[in-house]
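The values are calculated or read from the model by the stated rules, or taken from the named source; none is laboratory data. Quick caveat: nothing in here was measured; it's all calculated off a predicted structure. Reconstructed Cβ throughout: ideal geometry from the backbone, glycine too, with neighbour counts over all protein chains shown. Protein only, heavy atoms only, side chains kept; ligands, DNA and RNA dropped before computing areas. Shrake-Rupley method; radii C 1.70, N 1.55, O 1.52, S 1.80 Å.
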Amino acid sequence: MATFIFDFDGTLADSFPLVADVTYGITGAPRLSTEQIKSLERLPMLKAVHGLGVPNWKLPQVMLLTRRRMTPRMAQEVQPYPGMVEVVRQLHEAGHGLFVLTSNYVRNVHAFLEAQQLADCFENVYHCSVFYKSIGMRRVVRKNHLDKATCYYVGNEPGDIKGAERTGIHGIAVTWSGQDENALRAARPLKIINTPQELLGVFN
């Protein structure tokens, strides 16, 4: 059996619309159109939030406050990507180990998983800094005595894939949040997949 460590925002959950709404509530910056916000979703999270009008020096503070204010809205307003719920359940039922490693708040992820009736599918949820994903990956591998040869990190940003390579595990890049496929390919993932269902064939 394999182990899948999932990124959360942009991989399991389509959370950026809520991130944008909460960020605007904090900063009071002029709101972009729905189309402009959708285009920002294709960027790495920090660049996307910067695109909402948050200056670089204020990004860490705003991101912390944004995650805190997302908590009471996670269950109702954040949706999984199409097909993700079914694929997670199938991976769990097949006996694969499932974890989440995210820079979001752990309680936000738990609220989402419970709302989607996926809480029992995941062995644990871990938090890590958005700047040091590889440190978080190594911690998950070490704490759970995982075999790196059968361990996969599933993420939507080039940094996720580079972190997996530094950790010595396989990186799987996903495109359904709109990330640039060329940038993902340059990070040298094991595979690039376009739908959650393709995860089921990762061994083929």
Taking amide H positions as placed in the peptide plane 1.01 Å from N, state which residues far from PHE6 in sequence (5 or more) or on other chains have amide H under 5 Å from it. PHE99, VAL100, LEU101, VAL154
Heavy-atom accessible surface of region 1-112: percent carbon and sulfur, 1.4 Å: 55
Accessible solvent surface per residue of the chain, calculated while the other protein chains remain in place, 1.4 angstrom probe, Å²: 47
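Quick one: net charge around ALA187, please, counting Lys, Arg +1 and Asp, Glu -1 for every other residue with C-beta under 14 Å from its C-beta. Please list the in-between numbers first.
On the way: positive: LYS133, LYS162, ARG166, ARG185, ARG188, LYS191; negative: ASP7, GLU157, ASP160, GLU165, ASP180, GLU181.
The answer is 0.
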What is the magnitude of the charge dipole of region 25-114 about its Cα centre, with +1 placed on the Cβ of each Lys and Arg, -1 on the Cβ of each Asp and Glu, and no other charges, expressed in debye to the nearest 20? 460
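Set the bar at 31 Å for Cα to Cα. Now go through LYS38/LYS133; LYS38/LYS58; LYS58/LYS143; LYS58/LYS148 and name every pair that lies beyond it.
Details: LYS38/LYS133 25 Å; LYS38/LYS58 22 Å; LYS58/LYS143 33 Å; LYS58/LYS148 37 Å.
Where the Cα-Cα span goes over 31 Å, the pairs concerned are LYS58/LYS143; LYS58/LYS148.
Based solely on its DSSP helices, what 222 nm [θ] is calculated for the chain when runs of n ≥ 4 H residues each add -39,500 (n - 2.57) and the sum is averaged over all residues, nearest 500 deg cm²/dmol?
Helix-only estimate at 222 nm: -12500 deg cm²/dmol.
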Magnitude of the charge dipole, the chain, Cβ model with Lys/Arg +1 and Asp/Glu -1, debye to 20: 820
